[in-house]
1. Going by the conditions given, is residue B:68 under 26 Å from residue A:49 (Cβ atoms), basic (Lys, Arg) and surrounded by 17 or more Cβ atoms within 10 Å (Cβ to Cβ)?
2. When residues of the range B:71-97 are filtered for being in a loop (DSSP other than H, G, I, E, B), surrounded by fewer than 20 Cβ atoms within 10 Å (Cβ to Cβ) and away from every other protein chain (no Cβ under 11 Å), how many remain?
3. Within the range A:23-59, can you find the residues that are under 17 Å from residue A:4 (Cα atoms) and more than 16 Å from the chain's Cα centre (by Cα)?
4. Looking only at the range B:19-59, count how many residues are among the acidic types (Asp, Glu), outside any strand (DSSP E or B) and within 30 Å of residue A:8 (Cα to Cα).
5. Just to confirm my filter: which strands (runs of 3 or more DSSP E) fall fully inside the range A:28-102 and include at least 3 residues that are in contact with a helix residue (DSSP H, G or I) (Cβ under 6 Å, 6 or more places away or on another chain) and more than 9 Å from chain B (Cβ to nearest Cβ)?
6. One residue is enough: does the range A:7-17 have a residue meeting the conditions of a type in the set (D, E, K, R), farther than 19 Å from residue A:97 by Cβ, in contact (Cβ under 8 Å) with a residue 12 or more places away in the chain and away from chain B (no Cβ under 12 Å)?
7. List pairs: first residue in the range B:3-15 and within 17 Å of residue B:79 (Cα to Cα), second residue of a type in the set (A, V, I, L, M) and part of a loop (DSSP other than H, G, I, E, B) anywhere in the structure, Cβ distance under 9 angstrom, at least six positions apart or on different chains.
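Values in this text are rule-based calculations from the coordinates and carry no lab data. Since the structure is predicted, the reported quantities are computational estimates derived from the model, not experimental observations. Cβ placement follows ideal geometry from the backbone for every residue including glycine, while neighbour counts extend to all protein chains displayed.
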Amino acid sequence: AQTVTQSQPEMSVQEAETVTLSCTYDTSESDYYLFWYKQPPSRQMILVIRQEAYKQQNATENRFSVNFQKAAKSFSLKISDSQLGDAAMYFCAYRSPQGAQKLVFGQGTRLTINP
Amino acid sequence: NAGVTQTPKFQVLKTGQSMTLQCAQDMNHEYMSWYRQDPGMGLRLIHYSVGAGITDQGEVPNGYNVSRSTTEDFPLRLLSAAPSQTSVYFCASSLLWDSQETQYFGPGTRLLVL
């Protein structure tokens, strides 16, 4: 079974600075999908960014980018120019391409933005 | 589109009581699922369904039942609530076979079992 580990329960960053959230995963599959979800205090789960394992290029969405290291099974999220609205829980998630679209989540990292 | 809706938003139960958490989606998604979120443990899959009449267990199915009589609805039943079921519950849906598809989450139901 696949597992996802987020080893940083909490992180903080000064507004306008850059922060990187870590995620590692374990799988024997060669093809899969990885996601970062944001959960603000409203509890709504918001997709931030996704990465297909077969793509070597790291995904980017505006101020959010990932560093995908397939051999190391690492998938970190970099947030540039941090804004107060980025404060939230961030979850890393894995999805197998086989069968149903089940997601395996990490434990989450709570990100605080200091003004 | 309303997306994924969940009711109620918050519920308090006594140990041993039963209740049903409702989930509905209006996007004609084949796949629907239930997760529970507990502090320090992320979201864990309880049950999922790939279409009407088809359900299967996820990682933490004990104490929960599901059924899928229509494409739109996927209720989660607690037959005899226990304090260990205190959690926030999320319903999610997506197309089943589109690899580009992402899952859409409902707003969550916070359940407190006393």
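1. Numbers: under 26 Å from residue A:49 (Cβ atoms): no; basic (Lys, Arg): yes; surrounded by 17 or more Cβ atoms within 10 Å (Cβ to Cβ): yes.
No; evaluated as a whole, the condition is false for this residue.
2. First, pick out the residues of the range B:71-97 that are in a loop (DSSP other than H, G, I, E, B): B:71-72, B:74-75, B:79-82, B:86, B:95-97.
Cutting the leftovers down to surrounded by fewer than 20 Cβ atoms within 10 Å (Cβ to Cβ) gives us B:71-72, B:75, B:79-80, B:82, B:86, B:95-97.
Next, only the ones that are away from every other protein chain (no Cβ under 11 Å) stay: B:71-72, B:75, B:79-80, B:82, B:86.
Summing the residues that are in a loop (DSSP other than H, G, I, E, B), surrounded by fewer than 20 Cβ atoms within 10 Å (Cβ to Cβ) and away from every other protein chain (no Cβ under 11 Å) in the range B:71-97 gives 7.
3. A:27, A:28, A:29, A:30, A:31
4. Applying the first criterion (among the acidic types (Asp, Glu)) to the range B:19-59 yields B:26, B:30, B:38, B:56, B:59.
Now restrict to residues that are outside any strand (DSSP E or B): B:26, B:30, B:59.
Subset that is within 30 Å of residue A:8 (Cα to Cα): B:59.
Matching residues across the range B:19-59 total 1.
5. Numbers: elements: A:33-39, A:46-52, A:64-69, A:74-79, A:88-95.
It comes to none.
6. So in the range A:7-17, the residues of a type in the set (D, E, K, R) come out as A:10, A:15, A:17.
After this cut, where a residue has to be farther than 19 Å from residue A:97 by Cβ as well, the list is A:10, A:15, A:17.
If we keep only those that are in contact (Cβ under 8 Å) with a residue 12 or more places away in the chain as well, we get A:10, A:15, A:17.
Applying the additional criterion that residues be away from chain B (no Cβ under 12 Å) yields A:15, A:17.
Yes, the conditions are met somewhere in the range A:7-17.
7. B:12/B:114; B:13/B:81; B:13/B:114; B:14/B:81; B:14/B:114; B:15/B:81; B:15/B:82; B:15/B:114
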